[in-house]
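Below is one structure, written out as structure tokens; comments come after it.
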Amino acid sequence: MTDTASLAQDTAGRTKVVAAISSSLAEVLGHELPELTEDSRLFDQVGLDSSGVFELLMGLEDALGIELDTDQLEMSHFESVRSLADFLLAEMGG
């Protein structure tokens with residue numbers, strides 16, 4: 001695969017993961033998040049709380065067709081949309 005094709009695949013995978021995070025967060029929080037960016041802080045800005053984390057993870061597993069190893073999760077993975085996307089992509093092998 002060429003570097004350009006690899007980059008396009010990586011970008012498409014990241015776009016899919018970020019979209020899944022956005023839609024799962026909207027479902028957990030009960031409202032759309034039109035201002036959400038990869039730099040949005042999940043607890044401070046978005047309003048996610050500890051009870052919503054489990055629901056978010058279940059939604060992400062369903063949306064992405066993956067099963068997460070909760071032993072690998074750290075609070076730092078929930079710092080921002082970007083950190084959560086990075087963790088999910090690593091778990092998906094991408």
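The values are calculated or read from the model by the stated rules, or taken from the named source; none is laboratory data. All values derive from a computational prediction rather than experimental measurement. Reconstructed Cβ throughout: ideal geometry from the backbone, glycine too, with neighbour counts over all protein chains shown. For accessibility, only protein heavy atoms count, side chains too; no ligands or nucleic acids. Shrake-Rupley method; radii C 1.70, N 1.55, O 1.52, S 1.80 Å.
Worth pointing out:
- With respect to the chain, whose longest principal axis is taken over its alpha-carbon atoms, helix 3-29 is tilted by about 10°.
- Pairs of Cα atoms farther than 20 Å apart, the chain, %: 32 percent
- Percent accessible area from carbon and sulfur atoms, the chain, protein chains only, probe 1.4 Å: 49 percent
- Taking all protein chains into account, the per residue accessible area for the range 10-81 stands at 61 Å² (1.4 Å probe).
- Amide H contacts of Arg41 (H built 1.01 Å from N, under 5 Å, at least 5 apart or other chain): Val46
- Helix-only mean residue ellipticity at 222 nm for the chain, each DSSP H run of n ≥ 4 adding -39500 (n - 2.57), per residue, nearest 500: -19000 deg cm²/dmol
- Segment Asp39..Asp62, full-extension length gain: 5.9 nm, with 0.36 nm per residue of separation and the alpha-carbon distance subtracted.
- Using the Cβ of Ser40 as centre and a radius below 11 Å, the other residues enclosed give a net charge of -3, where K and R count +1 and D and E count -1.
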